[in-house]
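Have a look at the structure below, then the notes.
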Amino acid sequence: MKTLSRMMMLTITLMALSGSALIGCEKPSGSDAEEHAVVESGTYEGTIKKVNADEKEIYVDANGQELELYFIDETTLTKGGQPAEFGVLEQGQKVEVEIKKVGKRLDPISVTILE
């Protein structure tokens, strides 16, 4: 009976420790956590908050929602009605983005620089 009791205590202790470890794996909240919105397919206007040229990626603030957009082969970029190169994108620019939601990923179909 003592052995069974000890095994139960050991099992309960291990379960408690495992639960504590899993809690530590949750995504942190607050200023250090990066939250990127997953919105429905559609057209959004916003301001570029960050440009990552190495990844061909931009972060756009669209009405308080941060959209993380990785350019795909089909993405078109225009400025003043003319095709433009990724290198013209800068933080602070106003853009209009047409997005296609693919699962949890947002594919930019077109990006138009508004200013």
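So the label point goes 7 Å from the Cα of Thr47 along Cα→C-beta, right? Which residues of the range 85-110 then have their backbone N under 13 Å from it?
Within reach of a label on Thr47: 91-95.
Note down the net charge around Thr76, summing +1 for each Lys or Arg and -1 for each Asp or Glu among other residues with Cβ under 14 Å from its Cβ.
-3
On the full set of protein chains, 1.4 Å probe, figure out the accessible area of Asp61 and give it in Å² to the nearest 10.
Approximately 50 Å² of Asp61 is accessible to the 1.4 Å probe.
When ligands, DNA and RNA are left out and all protein chains stay put, how many square angstrom of accessible area per residue does the range 46-115 have with a 1.4 Å probe?
Roughly 59 Å² per residue, with all protein chains present.
Tally Lys and Arg at +1 and Asp and Glu at -1 over the other residues with C-beta under 14 Å from the C-beta of Glu96: what net charge comes out?
Summing Lys/Arg as +1 and Asp/Glu as -1 gives -2.
Using the Karplus curve 6.51 cos²θ - 1.76 cosθ + 1.60 with θ = phi - 60°, what ³J(HN,Hα) values do you get for each residue of the range 60-71, in whole Hz, with x for Gly and Pro?
Working through the residues one at a time gives 10, 8, 10, 6, x, 9, 8, 9, 9, 10, 9, 5 Hz.
Gain in length, Glu98 to Thr78, computed as 0.36 nm per residue apart minus the alpha-carbon separation, to one decimal in nm?
Difference between extended and current length: 6.0 nm.
The values are calculated or read from the model by the stated rules, or taken from the named source; none is laboratory data. These figures come from a predicted structure and were not determined experimentally. Don't worry about glycine lacking a Cβ; one is built from the backbone with ideal geometry, like all the others, and counts go over all protein chains shown. Just so you know, the surface numbers come from the protein's heavy atoms only, side chains and all, with ligands and any DNA or RNA stripped out. Shrake-Rupley method; radii C 1.70, N 1.55, O 1.52, S 1.80 Å.
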